[in-house]
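What follows is a short report on a single structure.
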Amino acid sequence: PTGQKTIYQRNNTQFNVDFNASYSYTLFDDINVRSIIGGQSFDRTLKQFYTTGQNFSSDLITSLGASGTITDWFEGFSNTRDGGIFTEHSLNYLEKYFFTVGLKRDYATSIGKNAPAITYPKASFAVRLDKFDILPDFFDLLKLRVAYGESGQLPGSTAGIPLLWNAEKGAYGAGAVLSSIGNDKIEPERIKSLELGFDTEFMKSFSYEFTYYNEWAEKSIVNRVLAGSTGKTITSQPFNVGSVKGWGIEQLLQYTPIRGSEYNLDLSLIWNYQTNKVESLGGAADIFSDPNSVAVGYPKYEFYTYKTIGVKYDANGKYAGAISSPTRVDMGSPIPDHSGSFTANFRFLKDFNLYVFTEWGLNNKVYNMTQLFANRYGNNKAYNDLRAQLGLSGGTAGVAALTPGTDEYRAAAEKLANLDYT
């Protein structure tokens with residue numbers, strides 16, 4: 001068209017408020033106590049609009065009002081609020097015993113109207129064994145600890161609203177269409193965690209931390225596509241599923257082989273392990289969104305989908321497609337079960353630092369949807385060459401067609417089956 005102009009405005013305002021008050025006091029002359037009460041709140045308002053015009057009658061007048069046709073427009077507004085109040089009380093007895101108890105209550109506009117708030121408790125206990133004169137001298141610190149706590153994940157900002165509509169204009173005038181489908185019964189996911197562990201320092205240069213934990217997630221938030229017969233398919237609907245159980249270990253080892261005023265070397269190694277399993281979906285069927293799935297007996301978001309297991313040929317021995325497994329196959333997880341990092345910090349000549357940080361994850365998989373998409377639209381040279389070799393396309397320069405039924409043809413067919421986007 002003779003000119004096009006778009007005006008887009010976005011105004012985002014956020015307010016974060018964090019406040020607390022603490023008081024320290026002594027009980028029975030031996031117990032030091034610190035009590036805290038406080039809260040947080042968050043308020044975000046987002047306004048945005050855009051308009052696009054085309055067919056300007058003159059290059060001299062470029063204001064949007066001079067366009068002959070308004071081709072596109074949009075206006076949006078959202079306001080989300082959440083907040084919480086908390087209290088925590090820590091007790092220290094003779095620098096040997098430590099006890100903490102706390103409570104937090106969260107509120108959010110995204111929680112369904114039937115569950116407007118959620119409460120999370122926590123408690124922990126620790127004891128310093130090195131204070132009892134029962135350990136060998138090379139121990140500088142040995143602390144045993146146990147803790148229980150709850151946390152959660154809030155639903156999306158519009159998850160608790162049953163239906164949201166957009167205004168649209170068409171050939172028959174202006175009207176409303178569905179923009180999102182929520183669930184007014186949605187609740188936050190609740191995660192309960194119990195952990196046991198110890199911290200130790202020894203030989204003036206080493207420290208080691210070890211934690212074992214169990215987690216139980218209830219009412220996890222998962223998006224489910226509604227049946228077409230409902231007429232509500234513009235978006236998936238969030239809902240709470242049954243339970244997921246997980247466990248793992250976390251470890252940190254630190255070593256300082258060189259310590260001095262001019263030279264210092266600190267090394268640290270972290271190695272963690274985690275796994276989880278969906279134990280119940282509350283009576284709902286397994287959720288397959290391909291490739292990620294939420295299925296009973298498998299880790300959450302496991303790649304649990306169909307796999308190519310062979311090749312189909314027509315009567316003339318020509319490639320006729322891939323053969324998929326009759327049932328879904330566990331193809332691994334996008335989340336590593338082992339993860340960790342290694343850090344080295346070397347300070348030399350007082351004022352210089354050399355810092356090295358590496359991290360890794362083991363046994364996680366990548367499901368290459370990007371490659372499948374590229375294959376579908378002919379943007380993968382290897383895929384295109386194989387199709388040309390098997391006589392499935394018009395031919396590619398420099399690629400010779402193979403004879404159906406030969407070993408070379410079948411080998412190429414097997415490669416293509418593993419790249420077949422269908």
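For region 303-421, which fully contained helices (runs of 4 or more DSSP H) count at least 1 residues that are at pLDDT 90 or above, under 30 Å from Phe288 (Cα atoms) and in contact with a strand residue (DSSP E or B) (Cβ under 9 Å, 6 or more places away or on another chain)? I'd like the intermediate steps shown before the answer.
Values: elements: 369-376, 381-389, 407-417.
In region 303-421, 407-417 are the helices (runs of 4 or more DSSP H) which contain 1 or more residues that are at pLDDT 90 or above, under 30 Å from Phe288 (Cα atoms) and in contact with a strand residue (DSSP E or B) (Cβ under 9 Å, 6 or more places away or on another chain).
Residues are listed down the side, and each one gets a yes or a no for (1) in contact (Cβ under 8 Å) with a residue 60 or more places away in the chain; (2) farther than 30 Å from Ile234 by Cβ; (3) in contact with a Leu (Cβ under 9 Å, 6 or more places away or on another chain); (4) of a type in the set (S, T, N, Q):
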| position | (1), (2), (3), (4) |
| --- | --- |
| Ser179 | no, no, yes, yes |
| Asp184 | yes, no, no, no |
| Ser205 | no, yes, no, yes |
| Tyr212 | no, yes, yes, no |
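If the requirement is being more than 18 Å from the chain's Cα centre (by Cα) and buried (at least 16 other Cβ atoms within 10 Å of the Cβ), which of these qualifies: Leu269, Leu252? Before the answer, list the steps.
On the way: Leu269 fails: buried (at least 16 other Cβ atoms within 10 Å of the Cβ).
Exactly one residue qualifies, and that residue is Leu252.
Out of (1) without any contact (Cβ under 8 Å) to a residue 24 or more places away in the chain; (2) exposed (fewer than 12 other Cβ atoms within 10 Å of the Cβ); (3) closer than 22 Å to Glu189 by Cα, the odd one out for Lys104 is which?
Answer for Lys104: the failing condition is (2).
When the residues of region 306-324 are narrowed to those that are in contact with a Phe, Trp or Tyr (Cβ under 7 Å, 6 or more places away or on another chain) and among the hydroxyl-bearing types (Ser, Thr, Tyr), which ends up least open to solvent (accessible area, probe 1.4 Å)?
For region 306-324, the residue satisfying everything is Tyr319.
Looking at region 150-163, can you tell me whether even one residue there is under 30 Å from Glu215 (Cα atoms), of a type in the set (A, V, I, L, M, F, W, C), at pLDDT 90 or above and touching a strand residue (DSSP E or B) at 6+ places or on another chain (Cβ under 6 Å)?
Looking only at region 150-163, we keep the residues that are under 30 Å from Glu215 (Cα atoms), and these are 150-161.
So of that shortlist, the ones also of a type in the set (A, V, I, L, M, F, W, C) come out as 154, 159, 161.
Next, from what is left, pick out any that are at pLDDT 90 or above: none.
No - not one qualifying residue is present in region 150-163.
Only one of these conditions is not met by Ala174: (1) touching a residue at least 40 places away in the same chain (Cβ under 8 Å); (2) open to solvent by 50 Å² or more (accessible area, probe 1.4 Å); (3) part of a strand (DSSP E or B). Which number is it?
Here Ala174 clears every test but (1).
For region 290-302, name all the residues that are surrounded by 14 or more Cβ atoms within 10 Å (Cβ to Cβ) and either in a strand (DSSP E or B) or touching a Phe, Trp or Tyr at 6+ places or on another chain (Cβ under 9 Å) (or both).
First, the residues of region 290-302 that are surrounded by 14 or more Cβ atoms within 10 Å (Cβ to Cβ): 291-296, 298-302.
Once the filter is applied, which keeps residues that are surrounded by 14 or more Cβ atoms within 10 Å (Cβ to Cβ) and either in a strand (DSSP E or B) or touching a Phe, Trp or Tyr at 6+ places or on another chain (Cβ under 9 Å) (or both), region 290-302 yields Pro291, Asn292, Ser293, Val294, Ala295, Tyr298, Glu302.
The values are calculated or read from the model by the stated rules, or taken from the named source; none is laboratory data. If you're wondering where the values come from, they're calculated on a predicted model, not measured in any experiment. Reconstructed Cβ throughout: ideal geometry from the backbone, glycine too, with neighbour counts over all protein chains shown. When the accessible area is computed, the model is the full protein with side chains, heavy atoms only, and any ligands, DNA or RNA have been set aside. Shrake-Rupley method; radii C 1.70, N 1.55, O 1.52, S 1.80 Å.
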